[in-house]
Amino acid sequence: MATNNAAQAAYEFKQLLKNKTPEQEKVIRYFYNQPKGCFGKVMSDAEYDKMVNDFLAKNNSFKDKAISKIGLDESEISLIAPVCIKGYLFDDKKAYAKCGKDDHLWRSSMFQVSWIFFSETQVYLYQYTFNFDENGKKESSEEYFYKDVVNFSSSEETVEKVTWESKKGCLGKQGPLERVTREVENVRLSIVVPGDKMYCAATVTDDSFETSIKGMKNLLREKKNNG
């Protein structure tokens, strides 16, 4: 939104909802904290998480699509167990962001799934990035010889995101939207190759992320020592 002016904010919000499906409208209302009508409710953080998880489950986290895109039999790319990195994407300007009311975890309207497979000679990366507030999606794949991979590592950077907050006024009524800039810690897996880096968005809730990176590092070290 261009200004904090309440009328302008309301107009711009209305424009955002044009030509959106009911599901996309619910997502936009979630990130803007704006219920529909006087008695409407914004979906909760738990409901948003369920929507995301149901979508991933319905698509098997895109594993089948990843294998098809690579074009090899799964047995050829299972030197070690494939690694799936999943997370909200914050570093895209189009992504809405919101800090959870109860758990204080940041969520985004963009989500990325990355699959990494390992053959005897190469590493294969498949990514599927999609938006919940619109029909946008992006699919990509890369492959690298072990000798060309410099490192696997986790990286973290602070990203400034615009979010919309509104305080309740008299009698519990919802106040006008206020545009606020917040800092979000953006965690990613980095695949480092000469002159370039590939990033995989990660939402980290346990130690499995770092465990996966350690496994990839060990395999890379082994391949380079024996190469």
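Restricting attention to strands (runs of 3 or more DSSP E) lying wholly within region 120-165, give those where 2 or more residues are open to solvent by 30 Å² or more (accessible area, probe 1.4 Å) and either among the aliphatic types (A, V, I, L, M) or within 14 Å of ALA97 (Cα to Cα) (or both).
The qualifying strands (runs of 3 or more DSSP E) are 151-165.
Scanning region 40-65 for residues that are over 18 Å from the mean Cα position of the chain (by Cα) and open to solvent by less than 40 Å² (accessible area, probe 1.4 Å) yields GLY40, MET43. Checking each residue in region 46-102 for being out of contact with any helix residue (DSSP H, G or I) (no Cβ under 6 Å at 6 or more places or on another chain), of a type in the set (A, V, I, L, M, F, W, C) and part of a helix (DSSP H, G or I) picks out ALA46, MET51, VAL52, PHE55, LEU56, ALA57, PHE62, ALA66, ILE70, ILE77.
Within region 1-21, restricting attention to residues that are at pLDDT 85 or above and of a type in the set (A, V, I, L, M), the residue that is surrounded by the fewest Cβ atoms within 10 Å (Cβ to Cβ) is LEU17.
From the set of residues in region 166-184 that are in a strand (DSSP E or B) and either of a type outside the set (Asp, Glu) or modelled with pLDDT of 90 or more (or both), which is surrounded by the most Cβ atoms within 10 Å (Cβ to Cβ)? It comes out as VAL184.
On the stretch given as region 74-98, residues that are in contact (Cβ under 8 Å) with a residue 60 or more places away in the chain, open to solvent by 50 Å² or more (accessible area, probe 1.4 Å) and over 23 Å from ILE191 (Cβ atoms) total 0.
The values are calculated or read from the model by the stated rules, or taken from the named source; none is laboratory data. Since the model is a prediction, treat every value here as computed from it, not as a measurement. Cβ atoms come from the backbone with ideal geometry, glycine included; neighbour counts cover every protein chain shown. For accessibility, only protein heavy atoms count, side chains too; no ligands or nucleic acids. Shrake-Rupley method; radii C 1.70, N 1.55, O 1.52, S 1.80 Å.
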